[in-house]
Amino acid sequence: MQIHDHVFEKFISADEIASVVNRLAKEINDDYSGKELVIIIILKGAFIFAADIVRLLQIPNRIEFLSANSYGSSMNSSGVVEFTVPDYNFKDKHILIIEDIIDTGLTLTSITTALQKFSPASLEIVTLISKSSMRIIDIHVKYVGIEIPPIFIIGYGLDYDERGRNLPDIYSKIPSG
């Protein structure tokens, strides 16, 4: 499959993704049983993953959205993270951030630092994809779906210059040359 000037091949199937989502939802349901959760969905990439995982949660929750951007139209993080914290009182709340992919850790470090100022009861992260070998900042991620090498991927909410989010599977960029 080609998007703009790059070719991609299937990397993770929709069935594999569904299995991971089910596992993560079970862990979250078990860990937060008897508690209410404030879920912060990081837009745009996490919206499909978040919709699938939230539908499997059996605990009371409130959903908030946070738009964060560090890529623009590039395949590499710019290192500058832009976001606005939702207008909500997070004090003494159990917060779960839903993110699609974590690579450098810069985006989530910025977001968690901003949220910690509200003194939440707890603050955890769930991510579908982790590229821990690319971490610039070591950030604790309690719920990790799939660990992958440092490759560029699209699909299931992940995009390349706003293309490919709608794909049910995840595709990796084929190296050129």
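The values are calculated or read from the model by the stated rules, or taken from the named source; none is laboratory data. The structure presented is a predicted model; accordingly, all values stated were derived computationally and were not measured. Glycine also receives a Cβ, built like all others from the backbone with ideal geometry; neighbour counts cover every protein chain displayed.
Considering 108, 128, 158, the condition of being modelled with pLDDT under 95, among the hydrophobic types (A, V, I, L, M, F, W, C) and surrounded by 14 or more Cβ atoms within 10 Å (Cβ to Cβ) is satisfied by 108 alone. Close Cβ contacts (under 6 Å, 6 or more residues apart or on different chains) running from residues in the range 12-39 that are within 25 Å of residue 115 (Cβ to Cβ) to residues that are surrounded by fewer than 19 Cβ atoms within 10 Å (Cβ to Cβ) and polar (S, T, N, Q) comprise 29/58; 37/61; 39/61.
Would you check if residue 176 is more than 20 Å from residue 63 (Cα to Cα) and in a helix (DSSP H, G or I)?
Working: more than 20 Å from residue 63 (Cα to Cα): yes; in a helix (DSSP H, G or I): no.
No.
When the range 31-66 is examined, which residues are found to be over 12 Å from the mean Cα position of the chain (by Cα) and in a loop (DSSP other than H, G, I, E, B)? Passing the criteria: 32, 33, 34, 35, 36, 55, 56, 57, 58, 59, 60. For the range 8-17, filtered to residues that are surrounded by 13 or more Cβ atoms within 10 Å (Cβ to Cβ) and out of contact with any Asp or Glu (no Cβ under 6 Å at 6 or more places or on another chain), the residue that is nearest to residue 95 (Cα to Cα) is 17. If you go through the range 114-167 and pick out every residue that is in contact with a Gly (Cβ under 8 Å, 6 or more places away or on another chain), β-branched (Val, Ile, Thr) and outside any strand (DSSP E or B), you end up with 3.
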